[in-house]
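*Asks:* Okay, handing you the structure first.
We did not get these values from a lab; they are worked out from the coordinates using the rules stated. In this text, all values refer to a predicted model and were calculated from it rather than measured experimentally. All Cβ positions, glycine included, derive from the backbone under ideal geometry; neighbour counts span all protein chains shown.
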Amino acid sequence: MNRNWDRWLVLSVLVLTIVGILMVFSASSYRALERFNDSTFYLRRHLLKVAMGVAAGWFAWRLDYRKFLRISPWLLLISILLLVFVLVRGPVIKGSRRWIMLPMLQLQVSDLARLALILFLARTLPNARERLGDLRRGLLPFLLVAGTVAALVKLEPDTGTAVLLFGLTLLMLFLAGARFRHLALVVCLGFTLGAFHTMRHSYQRARIVQWVKALRGEEIGYHAEQAVIGLGAGGFFGVGLGESKQKLYYLPEPFTDSIFSILGEEAGFVGTSLVLGAYLLFILRGLRIARCAPSFEGYLLGAGLTAMIGLYALLNVAVMTVLVPATGIPLPFVSYGGSSMLINFIAVGILLNLSEQGNESFARYPFRQDYELRIRRRMAGAGLRTERV
């Protein structure tokens, strides 16, 4: 067995998971005691989900990443069918249809869809690289697939995940060799359509209006205000584990989407810096794994999975600091959650498998294929005949 797995990546995930366990217990104990007369109710459920995630991640680690790529079209098809199913028959929870109820787990289908989409793109983009310069024949088919998934997620509604799905798609297209001006055009069009759709819904429009007012310093929404109060109250070292006041029904979702604010209150600047440092380490090691991958498929897969977790963390922190409107995105490995935790650990397992099969020598010329592809395009555009490199 090859032992050349990335220990720094594992360390970053371990730090985030331990911090998550501590913060979930601290942020949920008061409400758990009041609702269930058991302060460890949410903690025990969280530990079970962490254990399930670790088991799934270990299985993904021991399985060759190419096997995930082979089943990716079927996995994406199943994800799309499940997204349609939850829109039609899924239970309504807090005004959204996002979940399928399973024993011991609420499966949020968009979590499965984000993994399936990244796997699908990593498998299919390498074979279409020479066509990606053509907007209609090369780029449009991938945009239609990603747009279908993002649109179904948006209808749940889950705007934050839909935006991230489309953003991940554009990133992987760019890494695969798509033209920047084509992607910029897609971003402008997507932003226009997304803004139009958002303004049709009163609650989403209200979020945007509150966010704009907060940026102007005129007025700040209740959720954003309580999140900022929590972060500011912690100071440098925090008020101490378990001593948060914001978790006492002031801050909504204190152990899920808003857990970063509770972390800032109880652990202060030191605690938040530790978590942000762990995410930075994860991103750096994930990108290194991608650059050292044994194939271009592995390169795209590693970059996509790293970006998925990194962007989720970035967006959650941005919401808590009022840099973007509220989206309902959990903090990876830290927030209380089931399917999100499961998918994130599977992503880590795939990255570890990539790190075992990677080699430093592959990273010396990580963009050589892109360079050769650009040369062939330029020669073809000049009417010169080229041989495949």
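*Asks:* To make sure I understand, if each residue's beta carbon is the centre and we count other beta carbons within 10 Å, what order do 345, 236, 25 fall in, fewest to most? Could the numbers behind the result be given before it?
*Replies:* Values: 345 26, 236 8, 25 21.
Least to most surrounded, the residues fall as 236, 25, 345.
*Asks:* Here are some pairs, 49/94; 154/245; 94/247; which of them have Cα atoms lying more than 24 Å apart in this structure? Present the calculation step by step, with values, prior to reporting the outcome.
*Replies:* Numbers: 49/94 22 Å; 154/245 34 Å; 94/247 20 Å.
With Cα atoms farther than 24 Å apart: 154/245.
*Asks:* Another question, if that's okay. Mind checking which of 293, 178, 128 has the largest fluctuation in a GNM of the chain, springs on alpha carbons under 10 Å?
*Replies:* It is 128.
*Asks:* Additional query: Restricting to Cα pairs below 8 Å that are 6+ residues apart, what does the relative contact order work out to for the chain? Please round to a whole percent. Display every interim value, and only then the final one.
*Replies:* Working: 550 pairs, mean separation 102.8, N = 389.
Once divided by the residue count of the chain, the mean separation gives 26 percent.
*Asks:* What does the net charge come to around residue 302 if you take all other residues with beta carbon closer than 11 Å to its beta carbon, with K and R at +1 and D and E at -1?
*Replies:* The answer is +1.
*Asks:* Something else now. Under a GNM of the chain (C-alpha, springs under 10 Å), which listed residue has the highest mean-square fluctuation: 282, 333, 41?
*Replies:* Of the options given, 41 has the highest mean-square fluctuation.
*Asks:* Residue 105: net charge of surrounding residues, Cβ under 12 Å, Lys/Arg +1, Asp/Glu -1, itself excluded? Can you show the working numbers first?
*Replies:* Working: positive: 45, 49; negative: 111.
In short, +1.
*Asks:* Now a separate question. To the nearest 10 degrees, how steeply does helix 339-357 sit against the main Cα axis of the chain, on a 0 to 90 scale?
*Replies:* Result, in degrees: 40.
*Asks:* Quick one: helix 202-216 against the long Cα principal axis of the chain, what's the angle to the nearest 10°, folded into 0 to 90?
*Replies:* Value to nearest ten degrees: 80.
*Asks:* In terms of the Cα gyration tensor, with a ≥ b ≥ c the square roots of its eigenvalues, is region 8-103 rounded because a/c is under 1.5, prolate because a/b exceeds b/c, or oblate? Don't jump to the answer; show the numbers that get you there.
*Replies:* Numbers: a/c = 2.99, a/b = 1.22, b/c = 2.45.
It is oblate, given that a/c is not under 1.5 and a/b is not larger than b/c.
*Asks:* Of 133, 108, 314, whose Cα points farthest to the positive end of the dipole of the chain (charges on the beta-carbon: +1 Lys, Arg; -1 Asp, Glu; origin at the Cα centre)?
*Replies:* 133
*Asks:* Can you tell me the length gained on complete extension of the stretch residue 274 to residue 33, counting 0.36 nm per residue apart and subtracting the Cα distance?
*Replies:* On the way: separation 241, 0.36 × 241 = 86.76 nm, distance 2.90 nm.
Contour length minus Cα-Cα distance gives 83.9 nm.
*Asks:* For a footprinting-style exposure proxy, rank 19, 13 by other Cβ within 10 Å, fewest first.
*Replies:* Numbers: 19 20, 13 26.
Sorted ascending by nearby Cβ count, the order is 19, 13.
*Asks:* If you line up the Cα atoms of region 7-358 on their principal axes, what length do they span on each, largest first, in Å?
*Replies:* Principal-axis extents of region 7-358 (Cα, largest first): 57, 46, 40 Å.
*Asks:* Sort 67, 49 so that the residue with the fewest other Cβ atoms within 10 Å of its own Cβ comes first and the one with the most comes last. Let's see the in-between values first.
*Replies:* Working: 67 11, 49 22.
By the 10 Å Cβ count, ascending, the order reads 67, 49.
*Asks:* Which one of 27, 272, 182 has its Cα pushed farthest toward the positive end of the charge dipole of the chain, where Lys and Arg give +1 and Asp and Glu give -1 at the Cβ?
*Replies:* Result: 182, furthest along the dipole toward the positive end.
*Asks:* Now, a different point. Please get the size of the charge dipole for region 7-358, origin at its Cα centre, with Cβ charges of +1 on Lys and Arg and -1 on Asp and Glu, quoted in debye to the nearest 20. Write out the running numbers ahead of the final one.
*Replies:* Working: 33 positive and 18 negative charges, 204 e Å.
Around 980 debye, computed over region 7-358.
*Asks:* Residue 149: net charge of surrounding residues, Cβ under 15 Å, Lys/Arg +1, Asp/Glu -1, itself excluded? Can you show the working numbers first?
*Replies:* Working: positive: 98, 114, 154; negative: 111, 156, 158.
Taking every Cβ under 15 Å from that of residue 149, the sum is 0.
*Asks:* Would you calculate the separation in nanometres between label points at residue 134 and residue 45, each defined as 7 Å from the Cα along the Cα-to-beta-carbon direction?
*Replies:* So the two model labels end up 5.2 nm from each other.
*Asks:* Additional query: Taking GluC sites (Glu not before Pro) as candidate sites, keep only those in a DSSP loop with at most 13 other Cβ atoms within 10 Å, then name the longest stretch of the chain containing none of them. Let's see the in-between values first.
*Replies:* On the way: sites that count: 218, 219, 243, 387.
Longest site-free region, per DSSP loop and neighbour criteria: 1-217.
*Asks:* Here's another thing I want to ask about it. Hey, what angle do you get for helix 41-62 against the long axis of the chain, alpha-carbon based, 0 to 90 degrees rounded to 10?
*Replies:* Result, in degrees: 20.
*Asks:* Now a separate question. If you average 1/r over all unlike Cα pairs in region 20-71 and invert the result, what Kirkwood radius do you get in angstrom?
*Replies:* Working: mean 1/r = 0.0781 Å⁻¹.
The answer is 12.8 Å.
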